């Protein structure tokens with residue numbers, strides 16, 4: 001884990017804390033009731049509903065453990081406003097693909113635990129994140145993609 005990936009944004013931390021609360025306080029009760037009902041209606045041998053509920057319980061407990069591990073490992077990101085003009089953890093960057101002048105993408109650099117590219121959140125450990133760290137507006141970055149190397153220009157950096 002590099003230095004910039006030991007942090008988590010305040011939003012990411014809040015989302016995980018909310019998910020943990022929901023899993024521990026709601027989902028555990030719901031799944032316990034489902035298991036109880038399934039075992040009453042048909043025993044536990046060859047009972048698809050019971051088996052499904054037990055699998056769901058295992059998933060929920062695994063996710064609770066995973067969230068607790070993430071929250072205990074990653075530190076809240078520093079809240080001071082940075083005057084830096086280079087890309088760092090928490091920066092919101094806008095990239096333009098060099099081969100398509102109309103192709104602009106905006107991403108926020110976050111920890112791998114909170115990355116969700118479809119929502120514009122990319123990990124500082126991702127190929128784009130690694131290539132962008134430390135760069136400034138106007139810099140070119142090259143990223144290895146499944147379709148080959150892609151070149152982007154950093155056209156905007158906003159510190160969050």
Kindly express, to the nearest 10 degrees and within the range 0 to 90, the angle between helix 48-73's C-alpha long axis and the longest C-alpha principal axis of the chain. 40 degrees
Once the Cα atoms of helix 28-42 and of the chain are each reduced to a long axis, what angle between those two axes, in degrees from 0 to 90 to the nearest 10, is obtained? 40 degrees
In deg cm²/dmol, rounded to 500, what helix-only [θ] at 222 nm does the chain give when every DSSP H run of at least 4 residues adds -39500 (n - 2.57) and the total is split over its residues? -12500 deg cm²/dmol
Multiply the residue separation of residue 116 and residue 140 by 0.36 nm, subtract the distance between their alpha-carbon atoms, and state the gained length in nm to one decimal. 6.3 nm
For the chain, set up a GNM with springs between Cα atoms under 10 Å and report which of 146, 76, 127 has the largest fluctuation. 146
Express the relative contact order of the chain as a whole percentage, based on alpha carbon pairs under 8 Å and six or more residues apart in sequence. 24 percent
For 143, 124, 137, which order do you get if you count the other beta carbons within 10 Å of each Cβ and list the fewest first? 137, 143, 124
Which value in nm describes the separation of the simple spin-label points at residue 151 and residue 64, placed 7 Å from the Cα toward the beta carbon? 5.3 nm
If r is the Cβ-Cβ distance from residue 49 to residue 11 and R0 is 41 Å, what FRET efficiency results, to the nearest 0.05? 0.65
Expressed as an acute angle from 0 to 90° and rounded to the nearest 10, what is the orientation of the C-alpha long axis of helix 10-22 relative to the principal long axis of the chain? 10 degrees
Which of these, 58, 48, 77, has the largest mean-square fluctuation under a Gaussian network model of the chain (Cα springs below 10 Å)? 48
Extended-chain gain in nm, criterion 0.36 nm per residue less alpha-carbon gap, residue 94 and residue 75: 4.3 nm
Given springs between every Cα pair under 10 Å in a Gaussian network model of the chain, which of 33, 56, 46 has the largest fluctuation? 46
Based on a Kirkwood Rh over C-alpha pairs, give the Stokes-Einstein translational diffusion coefficient of the stretch 91-159 at 20 °C and viscosity 1.002 mPa s in µm²/s. 179 µm²/s
Calculate how large, on average over all directions, the projected area of the Cα convex hull of the stretch 96-136 is; give the answer in nm² to one decimal. 3.2 nm²
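Values in this text are rule-based calculations from the coordinates and carry no lab data. Since we're looking at a predicted model, the values are computed, not measured. Methodologically, a virtual Cβ is constructed for each residue, glycine included, from the backbone with ideal geometry; neighbour enumeration extends over all protein chains shown.
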